[in-house]
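If you scroll down you'll find the structure; I have some questions about it.
The values are calculated or read from the model by the stated rules, or taken from the named source; none is laboratory data. Everything quoted here is computed from the prediction, not taken from an experiment. Virtual Cβ from ideal backbone geometry, glycine too; neighbours counted across all protein chains shown.
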Amino acid sequence: MAMLLALMIGALVAGGVWLLLRPRSWSVVLGVTLLGYAVNLIILSAGRIDRRVPPISGGENLADPLPQALVLTAIVIGLGMTAFLVALALRGLAALGSDRLGEGPVDTLSADDEDDDGDGEGTKGA
Amino acid sequence: MTAVLLIGLVALPFLASLAVVCLGELSRRAAGWSAGAAMLAGLVILAVLAPPVFAGETLVVTVPWLPAWGLDLALRLDGLGLLFVLLIDGIGMLIVLYAYYYMPDDDRLGRFFLYLLLFAGGMLGVVLAENLLLMLLFWEVTSLTSFLLIAYKYKDKEARIAGRMALAVTGAGGLALLAGVLLLGQMAGSYTLTDVLARGDIIRSDARYPIMLVLVLIGAFTKSAQFPFHFWLPNAMAAPTPVSAYLHSATMVKAGVFLLARLYPALSGTDLWFYILTSVGAVTFILGAYKALLRHDFKGLLAYSTISHLGLITLLLGLSTPLSPVAAIFHIINHAVFKASLFMVAGIVDHETGTRDMRRLSGLRRSMPETTTLAVLATGAMAGVPFLNGFLSKEMFFAATVAMSGTMSWLMPTVATVGGVLAVAYSARFIYDVFLRPLSTEMPREPHEPPRFMRVPVEILVAIVVAVGLFPQFFVRSLLEVASSAVLGGPVPTLDLAIWHGFNMPVIMSIVALGGGLFYFSRRETVFSVADRLGGGVNSRVAFERSYNMMVMGARAGQALLDARSLRQMLVLFLLFLLMLGSWAWLSAGGSVWGPLSGSGAGLAEALAAGGLVLAVGAVVVLHRRRLEAVIGLSVIGLIVSLVFVRLAAPDLALTQLSVEVVSIILLLLAMRWLPPEAAAETGALEAREGRRRVFDAGLALTVGAGAAALVFAMVTRPFETISAWHIANSVPGGGGANIVNVILVDFRGFDTMGEIAVLAMAALGVQALLGGLRLPLPSGRFDGRASGARRDMAPVMLAMMVQPLLPLLLAVAAFIFLRGHQLPGGGFVAGLILAVALLLQFMGNGLAVTDARLKLDFARILGLGLGLCVLTGVVPWLFGRPFLTSAHSHVGPVELASAMAFDAGIMMVVAASMVLTLTGFGRLAATDADNPAAAG
């Protein structure tokens, strides 16, 4: 199981990183989501994977409840963050007419390129 | 009692500053009274604390904070501190009175006294700190507040530049001092001043002593405007004159020499100390005095004179004869008194005539006879005229230089005499040009005496000048002795504080200085023309601005190098750095990936799930341009991850992940509506570049992925000791719930959870803000193949029919999940998500407008109510004297009720409201008319 878990997390991270590096905001959203899954699994597996009983009081050999509690909120916050990212992407699309994440010769930034969002996501386009 | 008083002494100005801000809005007079009262109260406290200090005691108060790091709230009051508190609060009180009349009537003074009090508090902290790090903190407070005070007239560009310059110089000095003090603390093994002062021998013999000394001296020299850092002080004359009278005579600039005096027992006595202090002090002493004569602005003259006198004090501290530190302390007192009064006189003249230019002023003795008398006396002290206080300390200075041996035996007296000559000359110019010359008509305003109370502070100070000058034994002896013994760290040599010591070398030097000074002054026109011909040399302000701009440009260039405003570039840099750190850690540990644990075995189901997940990730990666297919792939991944959660014995996570999947897919579909179904491929040069990048990115992604996989494998095959045993054991007895995960969330770590749902709420509100008023053009192609006009269609009838009976069902499920959450998998997070899905279905089935009208719910308000409920459950235990978020629980029949359930209900409200707010936000994007856009999802 350890091997399979490592394989799954590795695939999620590799896919997530590759998508993050694509020049379109939509793939960044996808990439962040994949990385989110990966990170949640990593945190959960920090509690080890050999104990098979859900952490309900009374049982023996309970799984570690602490990482589970951490991951539970992380899942929900991850959704909130995805929503925020998507909103940023749409805002950038409206402002720039493109979902390209800008750099390079084609999409030089205009003079008044002050991002109004600290993240800078999605607004750096042509 | 002593402890309270001593802490109160420092805290008082800070507390009063709050009062001043509030009262300043109401009345100018109230602000002035409360600021003055704070200073007066400080003096009263000092009077209460003073007797034991005069008896030779050092009062110390220590409130431990982080003793392991040497960080304590520790204050001390010894003779040196006492002297400075007297200066800060005493002159501060006079300044408050003076400023009340000096500042324009339309200034409410709230802001002015706020800054002034904060500054006074910072100064008091510096002089009373027993802990060196605490002293640094207050040191920075004085730098910051002096910036605010110098730039008080912030609409004036000169004032802004001057403030920035002072901040840059003293702030940089503060950084050097920080490094120096950290070194000093390490060398002494303690940051407590008492320990540091007692370990002078250890410190001086340490190899790091020279570095430390230079750093500390940079801190002191920048603050006290010593050459070559002196240039900020003349520019700081842009400050309102009361500020100059306070900061640039008695307090701020004295902080540097105070530091030298404070650390005198620990740092002095080496050749390095001697040479640096005497040379810097001597250069500053002469340069300041020379430049003072050349200034036509009399505030500038006073500023350079201050630089010169501070140089004198530094020089005295450097000489390290038995008597020279005493002379330094004496001169600190005298200079503070006469220079503060002179700045006030300057302010009066400026206030009454409208100019500070000595070429335009003249003959004020006729219209302002009393001010003239005061000015002559104070200036006489500055020049070192007998029977005034400045004479006494200058005599002591001359005597100290005469006592030097070797080369210094002629060099130092020469320097002292030359400085004395120059001081007499610039003093004479100030008096002659402003008050004595025949009356001119060039003044902007008809001068007359200032308001009565504006002159009172000057009168008090000049009275001290004369009193000390005539009867030093009576007025100043005990103060001087107690302050000097703190500096010397031991008994004070016998002081002979008399005006006449017989006809000796210092008397000759004084006579030479007075005569030479008057002669030099009479030839001033020659001096001016020579100085003009030589040119001012480098204008320090221009040079500073230039180097400042160069540093800013350098920083910008450095930033541009690292940040091409490209997400990809930042990520690549970050990931490469991450890989480097990871490989370094792995290689330096020298371990293998394989740990001792085998882990539990895996069956066919696990293998299939893993294979499915890898395939789905591959599909998303390959198909990411085709948005719908990518989202479908994403949902497959989410489902498999839920299954993994089940396999890893985490049913709560599986439930949450499943609900989140539903919501996030709806979210992505709603957003996708605004994008073409397939992202356009890159063309031309971009296509070529993209092709090259794909190879690199794929390599990087695979490496990072492999690293993550190796990390996970290494982690799960190694044993560890869980810290959850306590949570497991206390879940039922302490939290009243069997579901340990839920008890951790709502009880043990409730405060964390509160922060996390606050983040969720912020994200939801952020989405609202981002999408507010956003208009997007519809893309040309559509997923359903219909023309864009088709978006007026209502939702499918089947869906509209179904959602109505679904609502009560889903609400029941949410209630069930919520109620069982404390004992069995479930809880507020999952229930909130289910609730959100139930409501979203209504929006989708019936349309936004209809559902809004039916529900009549303000979800932003529900969000706030949920957060409020969480905070409330946290606060209620306080009423019972228990810590924040303490939970109570009891049985009601067969049901176990816990107060944490209220907290969980708050979570549910926040989660549900955030999700509904966010998704309807995306849905409303289309609402250019009364449409039903959510149905498209």
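Please note which helices (runs of 4 or more DSSP H) are completely contained in the range B:320-385 and include at least 3 residues that are touching a helix residue (DSSP H, G or I) at 6+ places or on another chain (Cβ under 9 Å) and closer than 19 Å to B:S249 by Cα. Don't jump to the end; show me each part of the working.
On the way: elements: B:324-353, B:364-367, B:369-383.
In the range B:320-385, the matching helices (runs of 4 or more DSSP H) lie at B:324-353, B:369-383.
For the range B:593-635: of the residues being farther than 15 Å from B:L668 by Cβ and touching a residue at least 60 places away in the same chain (Cβ under 8 Å), which is farthest from the other protein chains (Cβ to nearest Cβ)?
B:P596
Also: Is the range B:529-543 home to any residue that is surrounded by 14 or more Cβ atoms within 10 Å (Cβ to Cβ) and either closer than 30 Å to A:L19 by Cα or more than 38 Å from the chain's Cα centre (by Cα) (or both)? Steps first, please.
Pass one, the range B:529-543, residues surrounded by 14 or more Cβ atoms within 10 Å (Cβ to Cβ): B:531, B:540-541.
The next check asks that each one be either closer than 30 Å to A:L19 by Cα or more than 38 Å from the chain's Cα centre (by Cα) (or both); those that pass are B:531.
Yes, that holds for at least one residue.
If you don't mind, there's one more thing I want to ask. Out of everything in the range A:76-94 that is facing another protein chain (nearest Cβ under 9 Å) and over 20 Å from A:G36 (Cβ atoms), what residue ends up being modelled with the highest pLDDT?
Once the filter is applied, the top-ranked residue is A:R91.
Of the residues that sit in the range B:469-523 and are of a type in the set (S, T, Y) and in contact with a helix residue (DSSP H, G or I) (Cβ under 7 Å, 6 or more places away or on another chain), which one is nearest to B:P386 (Cα to Cα)? Steps first, please.
Kept after step one, since they are of a type in the set (S, T, Y), are these residues of the range B:469-523: B:478, B:484-485, B:494, B:510, B:520, B:522.
Narrowing the set further to residues that are in contact with a helix residue (DSSP H, G or I) (Cβ under 7 Å, 6 or more places away or on another chain) leaves B:478, B:484-485, B:510, B:520.
Values: B:S478: 21, B:S484: 23, B:S485: 27, B:S510: 9, B:Y520: 20 Å.
My answer is B:S510.
Now for a different question. If B:E140 meets every condition in (1) within 12 Å of B:V243 (Cα to Cα); (2) surrounded by fewer than 24 Cβ atoms within 10 Å (Cβ to Cβ); (3) within 16 Å of the chain's Cα centre (by Cα) apart from one, which number is that one?
Going through (1) within 12 Å of B:V243 (Cα to Cα); (2) surrounded by fewer than 24 Cβ atoms within 10 Å (Cβ to Cβ); (3) within 16 Å of the chain's Cα centre (by Cα) one by one, B:E140 breaks only (1).
Output the number of the condition that B:L653 fails; it satisfies all remaining conditions of (1) at the interface with chain A (Cβ under 7 Å from one of its Cβ atoms); (2) over 30 Å from B:A738 (Cα atoms).
Of the numbered conditions (1) at the interface with chain A (Cβ under 7 Å from one of its Cβ atoms); (2) over 30 Å from B:A738 (Cα atoms), the odd one out for B:L653 is (2).
Can you tell me how many residues within the range B:283-297 are part of a helix (DSSP H, G or I) and surrounded by fewer than 24 Cβ atoms within 10 Å (Cβ to Cβ)? It would help to see each step written out before you state the result.
Of all residues in the range B:283-297, those part of a helix (DSSP H, G or I) come to B:283-294.
Imposing the further condition that a residue be surrounded by fewer than 24 Cβ atoms within 10 Å (Cβ to Cβ) reduces the set to B:283, B:286-287, B:290-291, B:294.
The qualifying residues number 6.
Six or more apart or on different chains, Cβ atoms under 8 Å: show the pairs whose first residue is in the range B:847-869 and at pLDDT 90 or above and whose second is assigned to a helix (DSSP H, G or I) and aromatic (F, W, Y).
B:L869/B:F903
Evaluate the following for B:V644: is it within 29 Å of B:L581 (Cβ to Cβ), more than 9 Å from chain A (Cβ to nearest Cβ), among the β-branched types (V, I, T) and over 43 Å from the mean Cα position of the chain (by Cα)?
On the way: within 29 Å of B:L581 (Cβ to Cβ): yes; more than 9 Å from chain A (Cβ to nearest Cβ): no; among the β-branched types (V, I, T): yes; over 43 Å from the mean Cα position of the chain (by Cα): yes.
It is false that B:V644 is within 29 Å of B:L581 (Cβ to Cβ), more than 9 Å from chain A (Cβ to nearest Cβ), among the β-branched types (V, I, T) and over 43 Å from the mean Cα position of the chain (by Cα).
Now a separate question. One residue is enough: does the range A:101-114 have a residue meeting the conditions more than 7 Å from chain B (Cβ to nearest Cβ) and either at pLDDT 90 or above or touching an Asp or Glu at 6+ places or on another chain (Cβ under 7 Å) (or both)?
No, every residue in the range A:101-114 fails to be more than 7 Å from chain B (Cβ to nearest Cβ) and either at pLDDT 90 or above or touching an Asp or Glu at 6+ places or on another chain (Cβ under 7 Å) (or both).
Oh, and also: Find the residue count for the range B:656-682, including only residues that are within 7 Å of chain A (Cβ to nearest Cβ), small (G, A, S) and under 45 Å from the mean Cα position of the chain (by Cα).
2
Which residue pairs have Cβ atoms under 8 Å apart, sit 6 or more places apart or on different chains, and have a first residue in the range B:814-831 that is over 15 Å from B:L897 (Cβ atoms) and a second that is basic (K, R)?
Going by the 8 Å Cβ cut-off, the qualifying pairs are B:G826/B:R820.
Return only the number of the condition from (1) under 30 Å from B:L267 (Cβ atoms); (2) touching a residue at least 12 places away in the same chain (Cβ under 8 Å); (3) hydroxyl-bearing (S, T, Y) that B:S510 does not satisfy.
Here B:S510 meets the rest and fails (1).
Right, here's the next one. Output the number of residues of the range B:715-757 satisfying the condition of being more than 9 Å from chain A (Cβ to nearest Cβ), more than 40 Å from the chain's Cα centre (by Cα) and either modelled with pLDDT of 90 or more or closer than 20 Å to A:A46 by Cβ (or both).
Count: 2.
If I go through the range A:3-40 residue by residue, how many of them are surrounded by fewer than 24 Cβ atoms within 10 Å (Cβ to Cβ), touching a residue at least 24 places away in the same chain (Cβ under 8 Å), facing another protein chain (nearest Cβ under 7 Å) and hydrophobic (A, V, I, L, M, F, W, C)?
So the answer is 0.
So which of B:L178, B:L193, B:L197 ends up being closer than 29 Å to B:H230 by Cβ, in contact (Cβ under 8 Å) with a residue 24 or more places away in the chain and touching a strand residue (DSSP E or B) at 6+ places or on another chain (Cβ under 9 Å)?
Working: B:L178 fails: touching a strand residue (DSSP E or B) at 6+ places or on another chain (Cβ under 9 Å); B:L197 fails: touching a strand residue (DSSP E or B) at 6+ places or on another chain (Cβ under 9 Å).
It is B:L193.
Let me ask something else. For the condition of a type in the set (D, E), surrounded by 24 or more Cβ atoms within 10 Å (Cβ to Cβ) and in contact with a helix residue (DSSP H, G or I) (Cβ under 9 Å, 6 or more places away or on another chain), what is the one hit in B:D72, B:D89?
Details: B:D72 fails: surrounded by 24 or more Cβ atoms within 10 Å (Cβ to Cβ).
After applying the criteria, what remains is B:D89.
Here's a follow-up. Based on this model, can you work out whether B:L667 counts as in contact with a Ser or Thr (Cβ under 8 Å, 6 or more places away or on another chain), part of a helix (DSSP H, G or I) and touching a residue at least 60 places away in the same chain (Cβ under 8 Å)?
Details: in contact with a Ser or Thr (Cβ under 8 Å, 6 or more places away or on another chain): yes; part of a helix (DSSP H, G or I): yes; touching a residue at least 60 places away in the same chain (Cβ under 8 Å): yes.
Yes, satisfied.
Answer yes or no: is there a residue in the range A:58-71 that is at pLDDT below 85, surrounded by fewer than 22 Cβ atoms within 10 Å (Cβ to Cβ) and at the interface with chain B (Cβ under 7 Å from one of its Cβ atoms). Walk me through it before giving the result.
Our first condition is that a residue be at pLDDT below 85; within the range A:58-71, this holds for A:58-61.
After this cut, where a residue has to be surrounded by fewer than 22 Cβ atoms within 10 Å (Cβ to Cβ) as well, the list is A:58-61.
The next check asks that each one be at the interface with chain B (Cβ under 7 Å from one of its Cβ atoms); those that pass are A:58.
Yes, that holds for at least one residue.
Here are some residues: B:A698, B:A709, B:A685. Which one is in contact with a helix residue (DSSP H, G or I) (Cβ under 7 Å, 6 or more places away or on another chain), at the interface with chain A (Cβ under 8 Å from one of its Cβ atoms) and surrounded by fewer than 16 Cβ atoms within 10 Å (Cβ to Cβ)? Spell out the reasoning first.
Details: B:A709 fails: surrounded by fewer than 16 Cβ atoms within 10 Å (Cβ to Cβ); B:A685 fails: in contact with a helix residue (DSSP H, G or I) (Cβ under 7 Å, 6 or more places away or on another chain).
Of B:A698, B:A709, B:A685, the one residue that is in contact with a helix residue (DSSP H, G or I) (Cβ under 7 Å, 6 or more places away or on another chain), at the interface with chain A (Cβ under 8 Å from one of its Cβ atoms) and surrounded by fewer than 16 Cβ atoms within 10 Å (Cβ to Cβ) is B:A698.
Starting from residues that are surrounded by fewer than 20 Cβ atoms within 10 Å (Cβ to Cβ) and in a loop (DSSP other than H, G, I, E, B), keep the ones in the range B:178-230 and report whichever is nearest to the chain's Cα centre (by Cα).
Among those residues, the one meeting the criterion is B:S190.
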